[in-house]
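Report on one structure; see the data block that follows.
The values are calculated or read from the model by the stated rules, or taken from the named source; none is laboratory data. What you see is a predicted model, and the numbers here were worked out from it, not measured in a lab. Reconstructed Cβ throughout: ideal geometry from the backbone, glycine too, with neighbour counts over all protein chains shown. To get the accessible areas, we keep the full protein, side chains included, count just its heavy atoms, and leave off ligands, DNA and RNA. Shrake-Rupley method; radii C 1.70, N 1.55, O 1.52, S 1.80 Å.
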Amino acid sequence: MNTKLTGLHHITAIAGDAKTNVAFYTDLLGLRMVKKTVNFDDPTAYHLYFADERGTPGTVLTFFYWGDIPRGRPGIGQVSATAFTVPQGALSFWKERLAEKGIATSNLPTRFGESGIGFQDPDGMPLELMESESSLNLVPWVRDDIPEGVAIRGFHSATGIIGDLTDTEILLKDLLGMGELEREGNRVRYRIAEGGAGRIVDFVVDPSAPRALQGAGTVHHIAYATATDEDQETLRESLHNAFLGVSPVMDRNYFHSIYFREPQGILFEVATEGPGFAVDEPVETLGEALKLPAMYESRRADIEKALVPLN
Ligand code: ZN
């Protein structure tokens, strides 16, 4: 059975203050805010989506805003770094741009032959920019101060920390259909699908790492993409039959989702590619108006009053 994952879909992380977070990801990193909505489980808080021009699966970083919560701690059972692709030669532009804003960057050791830099967002979330040939066919959201030749091109990869690979590998290979691509030290790279943006995921095996603590600046879950509802249901059945606790299908308006934990505790989601972010507003104006799921429309006035302005 081939589960037909098509790559990463989105990565969702936890932030404190929404306004600071929006300024960082849009004004500084140049991502487009493609959806302004609320947490479907708590409509008093934003759920914001940042992506390329169209919200293409594999480019979408989303945040829950949990206010004044303590920072989390990276460790086993968590995605510890989120990497974006930039074109070859773009790193010097980004180092300078981040330094101008007082953000320290570090040169990463060469990883599978590619160069990268690491830095943190305002909540301390670890981010990486990797110079890579992958996913350069995406249309970035171009701003005057970020030329297209250096703009971020969606996800490169995500890195999870685990203490032991054995059971995780069975899930990745046998149930999710991923193939091991390369190993470098204790880092194991898997290919989710061929070509395009966000097609790889890395796991660092480190039994000495502490357990992760969830908090501001940590990844909440990582979502893989699947093309159709039928493919998702086939996968849901195979996970269920393998005795992995898997959620029912949830309607997230822009995609349909199932959730389960990999054996070391990282929360995985599989989301459908459709219907996509243009289902309730045109591509030209994505992210400009507050969009609410139907169940909250009758409470719009109260919800809008409770949300802080973003600029
Ligand atoms: Zn999600």
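Things worth noting here:
- Other-chain or far-sequence residues with amide H under 5 Å of Ala13's (modelled H): Thr62, Phe63, Phe64, His220
- Descending Cα extents along the principal axes, the stretch 1-125, whole Å: 48, 42, 34
- Solvent-accessible area of His220 with every protein chain in place, 1.4 Å probe, in Å² to the nearest 10: 40
- A simple spin-label model places the labels of Ser208 and Glu233 5.0 nm from each other, with each point 7 Å out along Cα-to-Cβ.
- Amide H to amide H, with H built 1.01 Å from N, Phe255 comes under 5 Å of Gly276, counting only residues 5 or more places away or on other chains.
- Residue-wise HN-Hα coupling along the stretch 162-175, computed from phi with Karplus coefficients 6.51, -1.76, 1.60 (Hz; x: Gly, Pro): 9, x, 8, 8, 3, 6, 4, 4, 4, 4, 4, 7, 7, 9
- Å² of accessible area per residue within the stretch 5-306, as computed with a 1.4 Å probe and no ligands counted: 41
- Centre separation in Å (Cα based) which lies between the stretch 46-66 and the stretch 236-255: 22
- The stretch 143-247: equivalent-ellipsoid semi-axes (sqrt of 5 x gyration tensor eigenvalues, Cα, Å): 26, 21, 15
- For the chain, the share of DSSP beta bridges that are antiparallel, to the nearest 5, is 70%.
- 3J(HN,Hα) from dihedral phi, the stretch 291-301, Karplus parametrisation 6.51/-1.76/1.60, rounded to Hz, x for glycine, proline: 9, 10, x, 3, 5, 10, 4, 5, 9, 3, 4
- Legend: residues Phe40, Phe50, sorted from most to least accessible area (1.4 Å probe; ligands, DNA and RNA excluded), read Phe40, Phe50.
- Heavy-atom accessible surface of the chain: percent carbon and sulfur, 1.4 Å: 50
- Probe 1.4 Å, all protein chains present, accessible-area order of Val188, Val205, largest first: Val205, Val188
- FRET efficiency, Arg261 to Arg143 (Cβ-Cβ, R0 22 Å, nearest 0.05): 0.05
- For the stretch 138-161 versus the stretch 275-298, the gap between their alpha-carbon centres in whole angstrom: 23
- Residue-wise HN-Hα couplings along the stretch 116-121, as the Karplus relation 6.51 cos²θ - 1.76 cosθ + 1.60 with θ = phi - 60° gives them from phi, are x, 10, x, 7, 10, 7 Hz; Gly and Pro carry x.
- The alpha-carbon positions of the stretch 170-311 define a convex hull whose volume is 177 Å³ per residue.
- Near Arg143: Cβ cut-off under 13 Å, other residues only, Lys/Arg at +1 and Asp/Glu at -1. The net charge is -4.
- Label-point separation in nm, Phe112 to Lys19, each point 7 Å along Cα→Cβ: 4.1
- Model label points for Val308 and Phe243, set 7 angstrom from Cα along the Cα-to-Cβ axis, are 4.7 nm apart.
- Once C-alpha pairs closer than 8 Å and six or more residues apart are averaged by separation and normalised to the residue number of the stretch 5-306, the relative contact order reads 25 percent.
- Counting Lys and Arg as +1 and Asp and Glu as -1 over every other residue whose Cβ lies under 10 Å from the Cβ of Gly163, the net charge comes to -1.
- Förster radius 30 Å - calculated FRET efficiency between Ala99 and Met250 (Cβ-Cβ, nearest 0.05): 0.10
- Net charge contributed by nearby residues that have their C-beta within less than 9 Å of Leu213 (K/R +1, D/E -1): +3
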